1. Condition check: within 17 Å of Gln82 (Cα to Cα) and assigned to a helix (DSSP H, G or I). Does Lys126 satisfy that?
2. Would a scan of the range 9-20 turn up a residue that is free of Cβ contacts under 8 Å to residues at least 40 places away in the same chain and either touching an Asp or Glu at 6+ places or on another chain (Cβ under 8 Å) or among the aliphatic types (A, V, I, L, M) (or both)?
3. Is it the case that Lys78 is closer than 30 Å to Lys126 by Cα and at pLDDT 90 or above?
4. Quick one: which residue in Ile42, Ile26 is under 18 Å from the mean Cα position of the chain (by Cα) and either within 16 Å of Trp72 (Cα to Cα) or open to solvent by less than 80 Å² (accessible area, probe 1.4 Å) (or both)?
5. Among the residues of the range 8-18, is there at least one that is farther than 30 Å from Gln125 by Cα, open to solvent by 90 Å² or more (accessible area, probe 1.4 Å) and among the acidic types (Asp, Glu)?
6. With respect to Glu49, is the statement that it is among the acidic types (Asp, Glu), open to solvent by 50 Å² or more (accessible area, probe 1.4 Å) and touching a residue at least 40 places away in the same chain (Cβ under 8 Å) true?
Amino acid sequence: MKQQELEQLVQDYQGLFYKVLRRCSIFPGQTDFEDYFQELRILFFLRAEKYESRGYFEAENNISYLFRYLLWYLIDEKRKEQKAGIKVQDEFLLEIQIEEADYDTLAELAEFETFYHQLKAKDQQKVVALLTDEKLSRQSRSRYRKYFRENFKLFFKKV
């Protein structure tokens, strides 16, 4: 296929990319949206450039097949990132343990670690995001702080 024809084909299938992202709960405005969107475009482009013409491409790749192909690719990418995120979180906890001087006592560090490990994986990611100063909106920071303040109080009532 010619370069111009390929670019037009990618443009014509933009809606498919948005549907795949929506199915994976990735929406415009989220930090990873543009990255995933570009990855889908590139994957689609690489698949389409192998064909001589648009007709051949569309004959061998119906829309439902392309949807599943892109969807499974995205699901695999999210799984890989999740596994990597768990490793980063564990490394982050090790850093906190090494920097004990930042805490008044080891007891506080142990309490924090205990609290951290009783959280769900999704909440642990939020804690890491807050502590590593990731690019979070002020609203998200405020909401996370409030949520963790309440959970922290509940945790110490149990203990």
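1. Details: within 17 Å of Gln82 (Cα to Cα): yes; assigned to a helix (DSSP H, G or I): yes.
It is true that Lys126 is within 17 Å of Gln82 (Cα to Cα) and assigned to a helix (DSSP H, G or I).
2. yes
3. Details: closer than 30 Å to Lys126 by Cα: yes; at pLDDT 90 or above: no.
No.
4. On the way: Ile42 fails: under 18 Å from the mean Cα position of the chain (by Cα).
Sole residue among the options that is under 18 Å from the mean Cα position of the chain (by Cα) and either within 16 Å of Trp72 (Cα to Cα) or open to solvent by less than 80 Å² (accessible area, probe 1.4 Å) (or both): Ile26.
5. Our first condition is that a residue be farther than 30 Å from Gln125 by Cα; within the range 8-18, this holds for 8-15.
Still in the running and open to solvent by 90 Å² or more (accessible area, probe 1.4 Å): 8, 11.
Filter once more, keeping what is among the acidic types (Asp, Glu): none.
Taking every residue of the range 8-18 in turn, none turns out to be farther than 30 Å from Gln125 by Cα, open to solvent by 90 Å² or more (accessible area, probe 1.4 Å) and among the acidic types (Asp, Glu).
6. Values: among the acidic types (Asp, Glu): yes; open to solvent by 50 Å² or more (accessible area, probe 1.4 Å): yes; touching a residue at least 40 places away in the same chain (Cβ under 8 Å): yes.
Criteria met by Glu49.
The values are calculated or read from the model by the stated rules, or taken from the named source; none is laboratory data. Because the structure is predicted, anything quoted here is derived from the model rather than measured. Positions of Cβ are backbone-derived with ideal geometry, glycine not excepted, and every protein chain shown enters the neighbour counts. Just the protein is used for accessible areas: all its heavy atoms, side chains included, with ligands, DNA and RNA removed. Shrake-Rupley method; radii C 1.70, N 1.55, O 1.52, S 1.80 Å.
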